[in-house]
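Here's the structure, in structure tokens; my notes come after.
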Amino acid sequence: MAGEEQNPLQQARALIKSLRSSAPAEVSEALAEVEQLLEAAARRGEGEEAEALRRRIDELIQENARFASLMVHEIRIPLTSIKGYSDMLAKNVVGELNEMQTQFVETIRSNVARMEQLVSDISDISKLRSGRLRLEPKMDLYKNIALQVEKATAPLAAAHSHTLVFETPAGLPLLNVDAERLALALTKLVTNALQYTPDGGTITVRAEEVDGKLKVSVIDTGIGMSAEEQQHVGELFWRADNEHVRSFKGHGLGLPIARGLIELMGGEFFFSSEEGKGSTFGFVVPGAG
């Protein structure tokens, strides 16, 4: 209702409270000071004290972003080394491995790949939240982006016997976007659909022109979401309390990253879902014209 609309400060407090309830312990602790400052700002209202609090909140956000950047850098160094040595072992550079040793090496490589993805996601979400992510737009065709995403997601589709269909008609608008970032956003949406659709499903990535803009819809035949679950879409670290969802390892960063990237490009993120009948996630981005 109009009389119950929250002001920006109240919205920020509600967001921080929500994030703290679902975040890992170390992240929750980092958000605690921000929550306290927001509460103090709400009590003191406007004026010099409120402005000082807002500046301190901005400082904390930037400090957390710098800390995340440092940690990402420091974690990537040993990960690169572990990956390099495990790859050499897998290629029998230092001698033949027996069956059990090969399994151990593959487990190491699999977990390193998961860690690399997590580190990359943390870096991206930190830059998005702090406003430090810079786009590099250039003219490109959507079909090039779609081919890149299809190649990246095809192995996951095959692993779960999914039918993955990219509908890319001729005549789509020319884009002036950061193609790498848009491909990342679309990959997150397609991966989400592939993971949360029971084996043997169909995922359709449909592109179309709407009023000079590009609209892309990722349509799945998956488990869908309840009305209550849909309220949490886009929240950091949130994952549905569903047995199929929990069967996949994840950290609840994929959709927030996709949404953040799309909105940073001046686009619109959208979704619809029905429990037991599947979901549609997608975006609309401006054309170059």
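Checking V177 against (1) in the same structural domain as G254 (by TED's automatic domain parsing); (2) surrounded by fewer than 21 Cβ atoms within 10 Å (Cβ to Cβ), only one condition comes out false. Which one?
(2)
If I ask for residues that are small (G, A, S) and loosely packed, with under 13 Cβ neighbours inside 10 Å, which ones from region 130-174 would you list?
Once the filter is applied, which keeps residues that are small (G, A, S) and loosely packed, with under 13 Cβ neighbours inside 10 Å, region 130-174 yields G131, A158, A159, S161, A170, G171.
Among the helices (runs of 4 or more DSSP H) lying completely within region 132-232, list those that include at least 1 residues that are touching a residue at least 60 places away in the same chain (Cβ under 8 Å) and either closer than 24 Å to L264 by Cα or within 16 Å of the chain's Cα centre (by Cα) (or both).
Numbers: elements: 142-159, 179-195, 227-230.
By residue number, 142-159, 179-195.
The values are calculated or read from the model by the stated rules, or taken from the named source; none is laboratory data. Quick caveat, the model's predicted, so the values are computed rather than measured. When we count neighbours, we look across all protein chains shown, and the Cβ atoms used for this are built from the backbone with ideal geometry, even at glycine.
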